[in-house]
1. As an exercise, use a Förster radius of 25 Å and the Cβ-Cβ distance of residue B:109 and residue A:90 to find the FRET efficiency, rounded to the nearest 0.05.
2. Suppose a student asked you for the relative contact order of segment B:19-110, using Cα pairs under 8 Å spaced at least 6 residues apart; what percent would you report?
3. Using a basic spin-label model with each label point 7 Å from the Cα along Cα→Cβ, how many nm lie between residue B:32 and residue B:60?
4. If you wrap a convex hull around the alpha carbons of segment B:19-110, what volume per residue comes out, as a whole number of Å³?
5. For the residue pair residue A:70 and residue A:24, what label-to-label distance in nm results when each label sits 7 Å from Cα along the Cα-to-beta-carbon direction?
6. Can you give the average number of partner chain beta-carbon atoms within 10 Å of each beta-carbon in peptide A:72-83, as a whole number?
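Only the coordinates and a few stated rules stand behind these numbers; no lab work does. Just so it is clear, the structure is predicted and the values come from calculations on it, not from any experiment. Note that we place each Cβ from the backbone using ideal geometry, even for glycine, and neighbour counts take in every protein chain shown.
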């Protein structure tokens, strides 16, 4: 189920392909990409958690506006190169960083 | 600059390592992971854009609550396996999907 490759449409996005089949194929790719994204996000949090512990141990501030500004500029540049909307890249980054700062302040409180 | 490997601390997180150096190392990893995330997000948007066009061409609704429910359950499971907070994974997914639906409705309007 979900693996039938009928109609000689192995080539993919050719005209006349069953739209339900095309949708299934695209969703399969989205699911694979999402699994990779989740694993990379997990790895990112492992690194930011270490940063959080380090900062808490040495009394460094949880957020670092200058560093974040550099990160945003770089990610917008990478997004442009990858043909991703840089506005989305920035919003996405701010969303992830807000979550990281939330974790850092929680880690600092626990000490 | 930023590549000095003094103090015999090539091994990384050993006690007594300069915290500024450890921070620099961790930030280098975060930057690498972020570049990978941006490229995967770009690839995800390419796929969802194709889904958007397909849906608009065939008059399918932009959102699909049953599919999204399955995706969230799966991503929470993957997050747990990867030791990522499943609450964060779900919030993150909802953030990305909101952006995708925004693009889909815009694509439908343009037709």
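1. The formula returns an efficiency of 0.55 here.
2. Working: 37 pairs, mean separation 31.0, N = 92.
The normalised contact order for segment B:19-110 reaches 34 percent.
3. With each label point 7 Å from Cα toward Cβ, the separation is 3.8 nm.
4. Once divided by residue count, the hull of segment B:19-110 is 112 Å³.
5. About 4.9 nm separates the two model spin labels.
6. 4
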